[in-house]
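These notes concern the structure reproduced below.
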Amino acid sequence: MISARAAMNGVAAAGLAGAAVLYRFSPEEYSFYPRCPFFALTRHYCPGCGATRAIAALLHGNVAAALHFNAAVTLLLPVLLWYFGKMYWTAVRENRVEWPQVPQWSWKVALACVLLFAVARDLAPTIS
Amino acid sequence: MNYFIKRDLSEYGPYTLADLQKYVASGNILLTDLCRSEGLADWVPVSQVIGNIPVPVAAPQPQPVAGTVYGGPSPYGGAPAGYAPQAVSQYPPPPSLHWGIALLLGVLTCGIFGWVWAFVQAAWVKKVQPESKGLLYYGISIGLLMLVIVVAFSEGAAGRAGAFNSPIFVILRLGGAIMWLVAAFNMRTSIEEHFNSAEPIGLSLNGVMTFFFSIYYFQYHFTRINEMKQQMMGYPR
């Protein structure tokens, strides 16, 4: 049975490797990246569409381009990094996996903003 | 005579004398909890009430490890007041990610996180209900949908985007969606079975909610069940 610490180290290593691939191979030039299942099935943008390109742009320090590709993911990324960073830190220190608790309002506000963003982008494609 | 138990601001019960003995013996009720008899207003420590009642076995104190039992009233209708300790300790707790966070991660990852989480839930259900077929059905469903996605993009790359609406695509998409629903309802049956037999809390899952929200609806109940465990007996997260 793999320990929580080893599992989270594996996930962190995979995340870093993914970031390195994104940094080296731009999603705008290479087509091997996973595609959005929602878009493939419905031909509509989902809230996460453009996230891969946004993260790649952020890795190159281009915040404006990241906001253009997916503003919701770009703005929420620091929160997500904090969330998973805290989870990783708990696993490393205490050898257990714990999903961090967050205030009720926080995920509700984030979810509402993301859904509004998705609807607005689908209705007005000029919105990033 | 029945008894009520009070811990912090929560009240539990009524319990019969036999229940009280059983839960003190199992550690569900602590001797430091407050207790009052039905019809009386005064709360006294359980130790005073149970002082002259023989406890059937040596009372182990709750241990801060996974599998600690929990008791008390349940938010789910028709639930018995407590779990048999030997039953609960056999089962791992359900996946503990808050359902709101799961939903947020799902929408931010184009639904891919939802597919992964479906397998996490199905793997847990398989552990507690080995006859469950949820894992297999989710695998078939996602396999079919992946096939659609791969072919859709290869057709698109080849400049034949119109092929997306061809009959074979429609059949594959329909097949994937149907298998997803079959998996979700199989999961619903297994989850209900588990939480009405091995861990009896009287859980009932709504068919309409299962149809539209499946994994996030299940996760909503898992979140509540985990919170209930934590509140009742300081169940570890």
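Points worth noting:
- Every listed requirement among (1) surrounded by 14 or more Cβ atoms within 10 Å (Cβ to Cβ); (2) over 30 Å from B:P167 (Cβ atoms); (3) not aliphatic (A, V, I, L, M) is met by A:F39 save one, (2).
- When A:G48 is tested against (1) assigned to a helix (DSSP H, G or I); (2) in contact with a Ser or Thr (Cβ under 7 Å, 6 or more places away or on another chain), just one condition goes unmet, and that condition is (1).
- Residue satisfying all of: in the stretch B:1-54; part of a strand (DSSP E or B) and of a type in the set (G, A, S); modelled with the lowest pLDDT among these: B:S10
- Residue pairs whose Cβ atoms lie under 6 Å apart, separated by 6 or more positions or on different chains, with the first residue in the stretch A:80-91 and of a type in the set (A, V, I, L, M, F, W, C) and the second outside any helix (DSSP H, G or I) and open to solvent by 20 Å² or more (accessible area, probe 1.4 Å), are A:A91/A:V97.
- In the stretch B:96-146, the residues that are more than 11 Å from chain A (Cβ to nearest Cβ) and either closer than 20 Å to A:Y45 by Cα or part of a loop (DSSP other than H, G, I, E, B) (or both): B:Q129, B:P130, B:E131, B:S132, B:K133
- Criterion (part of a helix (DSSP H, G or I) and facing chain B (nearest Cβ under 8 Å)) met by exactly one of A:A66, A:A40, A:A54: A:A40
- Filtered by the rule that a residue be under 15 Å from A:A66 (Cα atoms) and assigned to a helix (DSSP H, G or I), the stretch A:15-33 gives A:A19, A:L22, A:Y23.
- Test: residue in the stretch A:104-114 that is more than 8 Å from every other protein chain (Cβ to nearest Cβ) and part of a loop (DSSP other than H, G, I, E, B): no
- Within the stretch A:100-121, residues that are farther than 16 Å from A:P78 by Cα have Cβ atoms under 6 Å from residues that are modelled with pLDDT under 90 and open to solvent by 40 Å² or more (accessible area, probe 1.4 Å) in these pairs: A:A120/A:I127; A:R121/A:Y45; A:R121/A:I127, counting only partners at least 6 apart in sequence or on another chain.
- Residues that are open to solvent by less than 30 Å² (accessible area, probe 1.4 Å), farther than 20 Å from A:A12 by Cα and of a type in the set (A, V, I, L, M), drawn from the stretch A:69-128: A:A71, A:A72, A:A110, A:L111, A:V114, A:A118
The values are calculated or read from the model by the stated rules, or taken from the named source; none is laboratory data. The shown structure was predicted, so the numbers you read here are calculated from the model rather than taken from an experiment. Every residue, glycine among them, receives a Cβ derived from its backbone with ideal geometry; neighbour counts consider all protein chains shown. For the accessible areas, the whole protein counts, side chains as well, though only heavy atoms, and no ligand, DNA or RNA atoms are used. Shrake-Rupley method; radii C 1.70, N 1.55, O 1.52, S 1.80 Å.
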